[in-house]
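Student: Quick one: the structure is below, questions incoming.
The values are calculated or read from the model by the stated rules, or taken from the named source; none is laboratory data. It should be emphasised that the depicted structure is a prediction, and the values quoted were computed from it without experimental measurement. Cβ atoms come from the backbone with ideal geometry, glycine included; neighbour counts cover every protein chain shown.
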Amino acid sequence: MRLPGRFRYNQMVVPDRRASLVAIYPGSFDPITNGHLDMIERGSRLADRLIVAILGNPRKQPLFSVGERTEMLREVVAPYPNVEIDAFRGLLVDYAAQKRATYILRGIRAISDYEYELQMALMNRRLRPEIETVFMMSGEAYSFISSMMVKEIIRLGGDVSGLVPPTVEARLKRRILGERAQ
Ligand code: PNS
């Protein structure tokens, strides 16, 4: 997917120095779910390079370290040659600019996601108008999955198979139930 040498955003002509189309799929990924994986698979077809970036969300206290989340993500994206994993501390738009990304990819599961996503997208546009946010509807089979609920289900002894990749399920059980059993 090639882009023209220059493109217009509102009245601004933005020079395009990218050789290929780079997209950033940011998130906390604490841990990755099958919903995220579905987004990664579909998103990987819309860009030459899709960078899955772990960033800090001040609203969330992570269960897994950035290193652990990176490992889990690397294991499950192995089948997608144009997908890479990275982590960044700071503003998402600064990271996207550093990577010369054309757009930020975000998933919307339900109407309840919309308000927060809209606010983030508009704030990011205000910070760096040249970086667009592109939304994809999550796959209908995954629209009810969240990392937070998966962790709660494991804590309460429920079954999360099919909601997260098997390697992630094993890690979650070790972290949540293993610690409690000792
Ligand atoms: O998976 P999440 O927790 O919904 O992802 C949210 C995330 C990490 C993408 C968001 O909190 C973020 O962009 N954090 C980086 C800091 C930043 O840029 N904050 C300003 C957002 S308008």
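Student: Just to be sure before I move on: is residue 64 in contact (Cβ under 8 Å) with a residue 24 or more places away in the chain, surrounded by 14 or more Cβ atoms within 10 Å (Cβ to Cβ) and within 12 Å of the ligand (Cβ to nearest atom) in the structure I sent? Even if it seems obvious, please write down each step before you answer.
Tutor: Working: in contact (Cβ under 8 Å) with a residue 24 or more places away in the chain: yes; surrounded by 14 or more Cβ atoms within 10 Å (Cβ to Cβ): yes; within 12 Å of the ligand (Cβ to nearest atom): no.
So residue 64 does not fit the description; no.
Yes or no, residue by residue, for (1) without any contact (Cβ under 8 Å) to a residue 24 or more places away in the chain; (2) of a type in the set (A, V, I, L, M, F, W, C); (3) assigned to a loop (DSSP other than H, G, I, E, B):
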site: 35; (1), (2), (3): no, no, no
site: 52; (1), (2), (3): no, yes, no
site: 58; (1), (2), (3): yes, no, yes
site: 75; (1), (2), (3): no, no, no
site: 95; (1), (2), (3): no, no, no
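Student: Now for a separate question. When the stretch 142-182 is examined, which residues are found to be of a type in the set (Lys, Arg) and under 13 Å from residue 30 (Cα atoms)?
Tutor: First, the residues of the stretch 142-182 that are of a type in the set (Lys, Arg): 151, 155, 171, 173-175, 180.
Answer for the stretch 142-182, where residues must be of a type in the set (Lys, Arg) and under 13 Å from residue 30 (Cα atoms): 151, 171, 175.
Student: Looking at the structure I just gave you, is residue 172 under 22 Å from residue 61 (Cβ atoms) and at pLDDT 95 or above? Outline the logic, then answer.
Tutor: Numbers: under 22 Å from residue 61 (Cβ atoms): yes; at pLDDT 95 or above: yes.
Judged against the criteria, residue 172 is a match.
Student: Taking the stretch 100-123 on its own, how many of its residues are touching a residue at least 60 places away in the same chain (Cβ under 8 Å) and either within 14 Å of the ligand (Cβ to nearest atom) or touching a Leu at 6+ places or on another chain (Cβ under 6 Å) (or both)?
Tutor: Number satisfying all stated conditions: 8.
Student: Right, another one. Return a yes/no flag: does the stretch 143-155 have any residue that is surrounded by 13 or more Cβ atoms within 10 Å (Cβ to Cβ) and touching a strand residue (DSSP E or B) at 6+ places or on another chain (Cβ under 6 Å).
Tutor: yes
Student: Taking residue 42 as the residue in question, decide whether it is surrounded by fewer than 18 Cβ atoms within 10 Å (Cβ to Cβ) and either closer than 19 Å to residue 141 by Cα or at pLDDT 65 or above (or both).
Tutor: It is true that residue 42 is surrounded by fewer than 18 Cβ atoms within 10 Å (Cβ to Cβ) and either closer than 19 Å to residue 141 by Cα or at pLDDT 65 or above (or both).
Student: Additional query: Is it the case that residue 139 is modelled with pLDDT under 95 and of a type outside the set (D, E, K, R)?
Tutor: Here the answer is yes, as residue 139 does meet what is asked.
Student: Name the single residue, out of those in the stretch 124-146 being assigned to a loop (DSSP other than H, G, I, E, B) and among the polar types (S, T, N, Q), that is nearest to the ligand (Cβ to nearest atom).
Tutor: Across the stretch 124-146, the extreme among qualifying residues is 146.
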